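Here is the structure we will look at.
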Amino acid sequence: MIILNWIELSIHTTNDALEPVTNILNEIGTNGVVIEDPADLSREKRDVFGEVYELDKTKYPNEGLIIKSYFLQNDRWAETLEVIRLRINNLKQYKINLGKNKMTTDIVKEEDWENEWKKYFKPMKVTNRITIVPSWEQYKKTSQDELIITIDPGMAFGTGTHPTTILSLQALEKVIQPNDLVMDVGIGSGILSIAAVLLGAKHVYGYDLDEVAVSSSKQNRDSNHLENEITIKQNDLLKNVDKRVNIIVSNILADILLRLVDDAWNNLEDAGYFITSGIIEAKQQFLIDKLLNTGFEVIETNQYENWVSIIAQKKINSR
């Protein structure tokens, strides 16, 4: 077995810079992002749904937040780091407050990362019906209606506990009908695809450009014994995809969602739903305008902390 080394790049910045910096890291090819935000220490959601792990206060900054990003260690890393530094510094011309804008690096072995998750990631109820359970934990249902998703985050970092994922899960619960066909664009660790099947979908087609996410989501799909219900492929959003489904769900950055709207329209059945999440408040109206101009009707918007999700519907004969 080949053990990979990963570069952990930590960027101490601000909430204002969170989305543009994360977008830069994604475009350059990060294999995962973790946000260490001191607001996590006092979020009410832990009291509502249940704690994931005990947070170590000493790892959180007193001001701003820390974005941790992971890249495979190779001989091009120094060049990659310089590109990241230049692009982030370039954000100043757009009057984005970068705060301390301090970058540090460390080397993390893959097995060390996995062991760290096993120490801290515990079962967590993320909606009224869905509980996320790590693959190494034993867990018994607390009610007959409870739905269990078994997850091994690996290097895709998706545990289902982020506000944008919870918003997506809640939206799926509202609109999904038995035997629906679903697309999950930006599948990550596969949580939304698995949830869709457990909620009644007949089949889910999952797409992600990141090969690490594709591998992780396939592993989680198989751990939940849903090989026949979920098809996963590497793809750039919905480019060259031509299917008709009842629901498309996408939990990615707002700027990328803007590029997805037209293809989502073309792949939805009439009256189908387009669920989007991963949107900061400042970008909400841009996406709503794009949805409306394309012919969608915005059914509802929901907010969790500083994040927004939108449920839109493809109206019959609206174009």
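Of all residues in segment 242-263, those satisfying the criterion of being touching a residue at least 40 places away in the same chain (Cβ under 8 Å) and over 15 Å from the mean Cα position of the chain (by Cα) are Lys243, Arg244, Val245, Asn246, Ile247, Leu260.
Scanning segment 169-188 for residues that are surrounded by fewer than 24 Cβ atoms within 10 Å (Cβ to Cβ), outside any loop (DSSP other than H, G, I, E, B) and out of contact with any Lys or Arg (no Cβ under 8 Å at 6 or more places or on another chain) yields Gln170, Lys174, Val175.
Residue-wise test of (1) in a loop (DSSP other than H, G, I, E, B); (2) more than 30 Å from Trp136 (Cα to Cα).
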| residue | (1), (2) |
| --- | --- |
| His225 | yes, no |
| Val249 | no, no |
| Leu258 | no, yes |
| Asp262 | no, yes |
| Asp270 | no, yes |
| Phe274 | no, yes |
| Leu287 | no, yes |
| Val298 | no, yes |
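Restricted to segment 270-289, and to residues that are under 18 Å from Ala17 (Cα atoms) and β-branched (Val, Ile, Thr), which residue is surrounded by the most Cβ atoms within 10 Å (Cβ to Cβ)? Among residues in segment 270-289 that are under 18 Å from Ala17 (Cα atoms) and β-branched (Val, Ile, Thr), the one surrounded by the most Cβ atoms within 10 Å (Cβ to Cβ) is Ile279. Just checking, does segment 111-118 include any residue being under 22 Å from Ser223 (Cβ atoms), within 17 Å of the chain's Cα centre (by Cα) and modelled with pLDDT under 90? No, segment 111-118 has no match at all.
Yes/no matrix, rows are residues, columns are (1) within 26 Å of Lys68 (Cα to Cα); (2) in the same structural domain as Leu226 (by TED's automatic domain parsing); (3) modelled with pLDDT of 85 or more:
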residue: Lys122; (1), (2), (3): yes, no, no
residue: Trp136; (1), (2), (3): yes, no, no
residue: Tyr139; (1), (2), (3): no, no, yes
residue: His162; (1), (2), (3): yes, yes, no
residue: Gln177; (1), (2), (3): no, yes, yes
residue: Ser193; (1), (2), (3): yes, yes, yes
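Look at segment 204-220: where a residue is surrounded by fewer than 23 Cβ atoms within 10 Å (Cβ to Cβ) and in a strand (DSSP E or B) and a partner is of a type in the set (Lys, Arg) and modelled with pLDDT of 90 or more, sitting 6+ places away or on another chain with Cβ atoms under 9 Å, you get Tyr205/Lys233; Tyr205/Lys243.
The values are calculated or read from the model by the stated rules, or taken from the named source; none is laboratory data. Just so we're clear, the structure is a prediction, and the values are computed from it rather than from any experiment. Please note: Cβ atoms are built from the backbone with ideal geometry, for glycine as well, and neighbour counts cover all protein chains shown.
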